[in-house]
Each structure stands twice: as structure tokens, then as C-alpha cells.
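A.B. asks: First the structure, then my questions, so here it is.
The values are calculated or read from the model by the stated rules, or taken from the named source; none is laboratory data. From a predicted model like this one, the values you see are computed outputs, not experimental measurements. Positions of Cβ are generated from backbone atoms using ideal geometry, with glycine treated the same way; all protein chains shown enter the neighbour counts.
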Amino acid sequence: MARYRTVRGNIFLWVSILLVCVLLAFSLVVYDYASNVARERFADTLTSLSKSVMANLDAQVAEMNRLSLTLIYSKVFRSLYSQHLALPRSPATVRERIAKLENTEALIEIGDTILGPNQSAPQVNVFDQRGEMIGAGYFSRLIERDARLEPWYSEVTGKNGDRVILPPHMDPLQEETSIVVKGKQYISLVRSFQDPLLSTQGIIEVMQYCDAMFAELDLLAGSSASIFVLDSGGRLLYPFDGGLAKSSDLRRLSAPAGSGPVATGILPGKRDPQIYATAASRDTGWTLVFGEPSAGLYSSILQYATRIALLTLLAILCSLAASYFISRRVTVPIKALHSEIEALELHNLDEVAEGMPRSDLSEIDSLRLAFRDMRLKLNESVREAVSLRAHEKEAQLVALQSQLNPHFLHNMLQTVAIMAEDGALAPIQSLILNLSKVLRYVSSSEGTTATLGTEVEYAECYLAAMRARFGDSLGYVIDVPDAMREIVVPRLIIQPFIENCFKYATSSRPPWRIELRGERSTGRWAIELLDNGPGFSEAALERVAARISARNRKGGGPTPLGISGMGILNSYERLRLSFGEGAVFEIGNLPAGGARVVMGASPNGRGGQANG
């Protein structure tokens with residue numbers, strides 16, 4: 001106990017206790033957070049995958065539905081089908097037999113055409129009400145097959161034209177037709193269609209391979225996943241071979257999963273618990289149950305916990321060693337060094353005492369010598385930094401300006417060519433003069449700044465050139481007071497936003513209008529650029545605001561956020577470099593529609609921001 005009454009003992013004891021408690025608390029928080037994040041991500045992944053798989057199934061059913069509707073609403077099919085019904089079922093004469101054969105071949109050809117060269121479905125069948133069926137696809141012929149004897153007949157006719165999706169089944173006709181489709185199971189989409197008097201005229205069946213419709217599920221189920229699909233009537237659709245799954249068990253399991261993102265239970269065919277999610281389709285009424293072994297999640301969490309425990313133990317041992325070292329080495333001489341450090345300011349960096357008292361600890365003495373050398377080097381570095389800062393600003397402006405390039409030269413040359421064909425010599429001369437001024441200004445390397453008047457003249461030449469291209473579809477207004485035209489601004493600060501107007505505003509219907517207005521008050525000036533286009537999206541405004549805020553916090557070199565080859569952050573950075581905290585930079589949308597960009601400077605500037 002006497003040991004812990006000393007300064008060294010107290011430092012070792014309390015620092016050790018503090019570090020151990022902090023490390024244990026931190027480890028528990030990290031473990032709890034990591035475990036929750038792992039569970040949430042696992043649940044999100046499972047839910048997203050379930051919805052994605054269900055969306056794919058919906059898309060395939062929608063394609064089958066499209067094929068049947070395309071056939072029903074085809075005027076050519078309706079006409080040929082009416083001729084088919086008009087012909088006798090058993091032709092008595094050669095002419096009638098030939099007519100029926102030709103009509104049947106035409107109907108089969110329409111079915112093959114709708115299925116397409118890639119056969120988006122393997123088979124489409126058309127049943128009439130007098131016991132005949134016309135098939136197109138692998139089985140392409142007219143046979144006697146009475147739809148009224150089919151088990152689905154009453155359900156289909158009761159739907160009055162709405163689709164009915166049949167569960168997986170075999171088709172004897174396909175089995176006899178080709179060895180390619182032998183042993184295949186099919187999902188069928190069946191619907192009736194009516195004549196103008198709303199009497200059932202026939203039934204169309206579109207068939208799709210089960211292994212084609214559920215191909216994605218086969219790939220996923222090939223791993224450790226368990227996947228089941230039920231239709232709205234509770235019948236098992238996948239696995240389509242039936243397997244050991246019972247639809248009643250699946251309906252019972254899908255109930256708790258529907259109340260939350262995921263649930264845990266033992267799925268059919270599995271011995272161990274699984275974490276599973278369900279996805280229901282509003283279109284088809286199908287329900288998907290998608291499960292993954294829960295052991296995988298808990299195993300990863302356990303491994304993570306083991307690593308955290310080992311790292312925590314190692315950190316505790318290191319903290320004990322550090323506490324012991326600190327308790328032995330930290331003594332009174334450190335206070336003198338602390339006082340010297342505390343008195344350090346910019347104005348006395350070069351004031352180093354000639355004589356330095358020595359302590360009985362060589363480490364402390366070495367530290368004090370190193371601190372003295374650091375003061376001298378820091379003083380020299382500060383002087384160099386002050387000298388280099390003036391050059392850095394100009395270098396950054398040159399680098400920013402080098403990112404600017406004219407993007408409309410190709411379109412202007414095309415405009416000149418069209419005007420030359422029309423013989424419009426005077427407009428060509430005006431356009432070429434404006435184009436020459438634009439290119440000369442953009443390609444000029446004389447400095448990184450210009451007066452606002454020069455920038456406005458360049459903008460006017462640019463807009464005049466674009467008006468030659470768009471004609472009366474483009475209108476613009478430039479209203480910048482003469483008192484503002486001598487303000488020095490970064491070169492080409494207005495250009496990217498005018499280009500942005502043409503890139504996005506002209507996506508809407510003409511006429512297009514662009515306004516460039518200037519305003520100056522006491523100690524403040526601003527340039528406002530307006531258009532009547534669609535404006536910035538809410539996502540773009542939020543993204544710009546976030547990135548400008550990040551730039552203000554972190555600083556650094558220019559980072560473009562694309563607007564016509566030059567970044568919003570690029571322009572904002574140039575204003576900040578030129579006017580410092582007084583820079584004014586705003587982007588947003590007008591209440592009546594259209595984009596609004598404001599650039600300028602004020603004595604107590606608000607910095608950059610994006611306004612909705």
C-alpha cells in the first residue's frame with residue numbers, strides 16, 4: 001500500500017484503471033454497434049435480394065401477358081380467326097379443306113411472329129369454342145382439343161378476359177413433338193377473349209419453361225440459400241418439381257416475416273434455423289420466401305467478437321505497460337518543459353534561451369533540446385509559408401483556368417455552313433466576329449483575372465453566337481450597370497453557367513430565355529444568371545450543398561462537380577481564392593421554374609450554398 005502513496009504509484013494505478021475501463025467500454029460499444037450493423041445489413045441484403053428476384057419474376061410474367069394481349073388485339077389475327085370460325089370444322093370439299101389449311105397456316109405464322117426469332121416463349125395455343133386448338137411454337141398445327149374439358153376452363157371463362165396463371169405442369173403435346181422439350185415443365189398464362197357481343201370467342205394460352213422462368217432462382221438456390229414461391233392460391237410454384245416443401249408450412253412461415261424485414265425459422269428441407277425474408281407481388285399475387293442459414297451470420301459475429309476481445313486484451317496490456325512507463329518517467333522536470341511550451345507563441349519562436357538547466361533524466365533533456373530545434377525550424381517554416389502563400393493563390397487560379405475549354409465550336413461551324421448555304425452573308429460575318437472574340441478570349445493566357453465588363457462582353461458575344469444558331473427560339477437580356485464593370489474577377493467565371501443554361505434549359509420547349517443581371521450596393525456586388533429551363537434537381541442541390549460544406553471544412557485543391565466540363569466547386573473555389581470569406585455563391589431554382597445562380601462578394605460574405 002505504501003507504493004501507491006507515491007506519485008509514481010498513483011499515476012500507475014489510476015491511469016491503468018482509467019485506460020482499462022475506457023477500453024472495455026469502448027470494446028462493448030463497438031461490439032454492440034458492429035453486431036447491430038451486421039444484422040441490419042444482412043436483413044437489408046436479404047430483403048433487397050428477395051424484392052429483386054420477385055421483380056424479375058413479375059417481368060417474365062408481364063412478358064407472357066404482353067404476348068397474349070398482342071395476339072388478342074392484332075387486327076390480322078382477329079380477321080383470320082373469324083375466317084377460321086366461319087369455315088366448317090370438317091370441310092366437305094377440296095376448296096374448303098385448302099381454305100382451312102391456308103387459314104391455319106396464316107394463324108400459326110402470326111403466332112410464330114409474335115413469339116419472335118428468339119422465342120420469348122416456347123409455345124402459344126389458341127382454343128376455339130368448338131373443340132379445336134391451333135398451336136404455334138414447337139407444336140405448330142391444328143388439332144382437336146376441347147378447352148371445355150381442361151381443368152382450368154371454368155376459372156378462365158369466369159375471369160372475363162383477365163389472365164389466369166397455371167402452376168407448373170407437363171404438356172403431353174410438347175413431349176410428343178420434340179426431344180428438345182421432352183421432360184420440360186411449363187408455367188401457362190391463359191385468358192379468354194370476346195367478340196363484339198361480349199361472348200367468349202376463344203382462349204389463348206402462352207407457355208413458358210419453368211427452368212427458364214426460375215433460372216435466377218436455380219442459381220441462387222445452388223448455394224446455401226432456400227427459395228420457395230407460392231401463388232395467390234397457396235400452390236407451390238418453386239421448386240417446380242414439388243420437392244419436400246408443403247405449401248401449408250410455407251404459408252405459416254411467411255406470416256411472421258410479413259410483419260418485419262426478416263424472421264427466423266426452420267424452412268422445409270433444412271435442419272438448422274434460417275433467417276428468411278418474404279416478398280409479395282401485387283401484380284401476380286405470388287409470394288417469395290428467401291432464406292439463408294442463420295449460422296453464417298452468427299459465426300461472423302462470433303469471429304468479430306473474438307477479434308475485438310483479443311484486440312481489447314492486447315490494448316489493455318499495452319495500456320498497463322504505458323502506465324507503468326509513464327509513472328516511472330514523468331517527474332518534476334516535465335513541468336519546466338510544459339511551462340516553456342505554454343509560453344510559446346508566434347512572435348517568440350526565435351527566442352531561445354542560451355543556457356538550459358539540465359535534469360537528471362536524459363530523455364527530458366533530449367526532449368527540451370529537440371523542442372528548441374523545433375522552435376527554430378518552425379520559425380523558418382512559417383516565414384517560408386508566408387512567402388509561398390502569395391504564389392500559391394496565383395498558381396491555383398492558373399490551374400483552375402486551364403480546365404476551361406470552348407465546347408460549342410463544332411455547333412458554330414455547322415451553323416456557319418447552314419447560313420452559307422442560305423447565302424446569309426451579313427449574319428455569317430456577325431457570327432464569325434462573335435465566334436472570333438469568344439475563342440480569342442477563351443484561349444488567351446494573359447493573366448488569371450479580368451474585369452467584370454470584359455466578362456460581360458465575352459458573355460454577350462457568346463450569347464449572340466448561340467442566338468445565330470437557335471434564332472428566335474433564344475432570347476437573352478444583359479443588364480449589368482457600368483459601375484460594376486471595373487470589378488476584377490477570375491477569368492471565365494460566368495462561362496460555365498451560361499453553358500449549363502444551354503445544356504439543360506434547352507431540353508425544354510422553346511422559347512428559351514437567359515438573363516444576366518448585375519446589382520451593386522454598399523460594399524456588395526452580385527451577378528445573377530437566370531433561365532427558364534427545368535432548373536436543378538433537389539438531389540443535385542443537396543449534393544452541391546453537401547460538397548461545398550465539406551470543402552469549407554476540409555479545404556484542399558479544386559474538385560470538379562460537372563457542369564459542361566467545369567465544376568461548380570471549381571467556380572466556387574475560384575471565388576474563394578479571389579475574395580476569401582467575402583465570396584458570395586448561391587445556386588437554386590426560381591419559384592416559377594428555372595435555374596438561378598448568384599456570384600459576387602460582400603464585406604461579410606455568406607460563403608457558398610445551394611438553395612432549393
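Okay, residues lined up against (1) touching a Gly at 6+ places or on another chain (Cβ under 7 Å); (2) at pLDDT 90 or above; (3) among the basic types (Lys, Arg); (4) surrounded by fewer than 18 Cβ atoms within 10 Å (Cβ to Cβ):
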position	(1), (2), (3), (4)
Leu69	no, yes, no, yes
Ser90	no, no, no, yes
Thr93	no, yes, no, yes
Arg97	no, yes, yes, yes
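A.B. asks: Pick out the one residue from Val37, Val76 that is among the β-branched types (Val, Ile, Thr), assigned by TED's automatic domain parsing to the domain that holds Tyr304 and touching a residue at least 12 places away in the same chain (Cβ under 8 Å).
C.D. replies: Of the residues listed, the single one that is among the β-branched types (Val, Ile, Thr), assigned by TED's automatic domain parsing to the domain that holds Tyr304 and touching a residue at least 12 places away in the same chain (Cβ under 8 Å) is Val76.
A.B. asks: Would the stretch 86-105 turn up any residue that is in the same structural domain as Ile203 (by TED's automatic domain parsing), part of a helix (DSSP H, G or I) and touching a residue at least 60 places away in the same chain (Cβ under 8 Å)?
C.D. replies: For the stretch 86-105, residues in the same structural domain as Ile203 (by TED's automatic domain parsing), part of a helix (DSSP H, G or I) and touching a residue at least 60 places away in the same chain (Cβ under 8 Å): absent.
A.B. asks: Does the stretch 108-125 contain at least one residue that is outside any helix (DSSP H, G or I) and aliphatic (A, V, I, L, M)?
C.D. replies: Checking the stretch 108-125: at least one residue is outside any helix (DSSP H, G or I) and aliphatic (A, V, I, L, M).
A.B. asks: Give the number of residues within the stretch 210-229 that are within 30 Å of Met133 (Cα to Cα) and crowded, with 18+ Cβ neighbours inside 10 Å.
C.D. replies: Total satisfying the criteria: 3.
A.B. asks: Which of the residues spanning the stretch 124-165 are under 29 Å from Ile98 (Cα atoms) and of a type in the set (Phe, Trp, Tyr)?
C.D. replies: Selection gives Phe127, Tyr138, Phe139.
A.B. asks: Can you say whether Val156 is at pLDDT below 90, in a helix (DSSP H, G or I) and either under 44 Å from the mean Cα position of the chain (by Cα) or among the aromatic types (Phe, Trp, Tyr) (or both), as far as the supplied structure shows?
C.D. replies: When the stated conditions are applied, Val156 does not pass them.
A.B. asks: Are any residues in the stretch 437-455 surrounded by fewer than 19 Cβ atoms within 10 Å (Cβ to Cβ) and either under 21 Å from Ile487 (Cβ atoms) or modelled with pLDDT of 85 or more (or both), and if so, which ones?
C.D. replies: Lys437, Val442, Ser444, Glu446, Gly447, Thr449, Thr451, Gly453, Thr454
A.B. asks: Next question. Could you say which residue among Lys503, Lys437 is in a helix (DSSP H, G or I) and closer than 17 Å to Val597 by Cα?
C.D. replies: Every option except Lys503 fails the conditions.
A.B. asks: What are the residues in the stretch 160-177 that are within 42 Å of the chain's Cα centre (by Cα) and surrounded by 13 or more Cβ atoms within 10 Å (Cβ to Cβ), if any?
C.D. replies: Of everything in the stretch 160-177, those that are within 42 Å of the chain's Cα centre (by Cα) and surrounded by 13 or more Cβ atoms within 10 Å (Cβ to Cβ) turn out to be Gly161, Arg163, Val164, Ile165, Leu166, Pro167, Pro168, His169.
A.B. asks: Right, next: Given the conditions (1) surrounded by 14 or more Cβ atoms within 10 Å (Cβ to Cβ); (2) of a type in the set (S, T, N, Q); (3) within 30 Å of Tyr304 (Cα to Cα); (4) modelled with pLDDT of 80 or more, which single one is not true for Ser16?
C.D. replies: Among (1) surrounded by 14 or more Cβ atoms within 10 Å (Cβ to Cβ); (2) of a type in the set (S, T, N, Q); (3) within 30 Å of Tyr304 (Cα to Cα); (4) modelled with pLDDT of 80 or more, the lone unmet condition for Ser16 is (4).
A quick yes/no check of all residues on (1) at pLDDT 80 or above; (2) within 31 Å of the chain's Cα centre (by Cα):
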site: Glu515; (1), (2): yes, no
site: Ser521; (1), (2): yes, no
site: Ser564; (1), (2): no, yes
site: Gly567; (1), (2): no, yes
site: Arg596; (1), (2): yes, yes
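A.B. asks: Do the conditions hold for Arg328, that is, is it at pLDDT 65 or above and of a type in the set (D, E, K, R)?
C.D. replies: Considered against the rule, which asks whether it is at pLDDT 65 or above and of a type in the set (D, E, K, R), Arg328 comes out as no.
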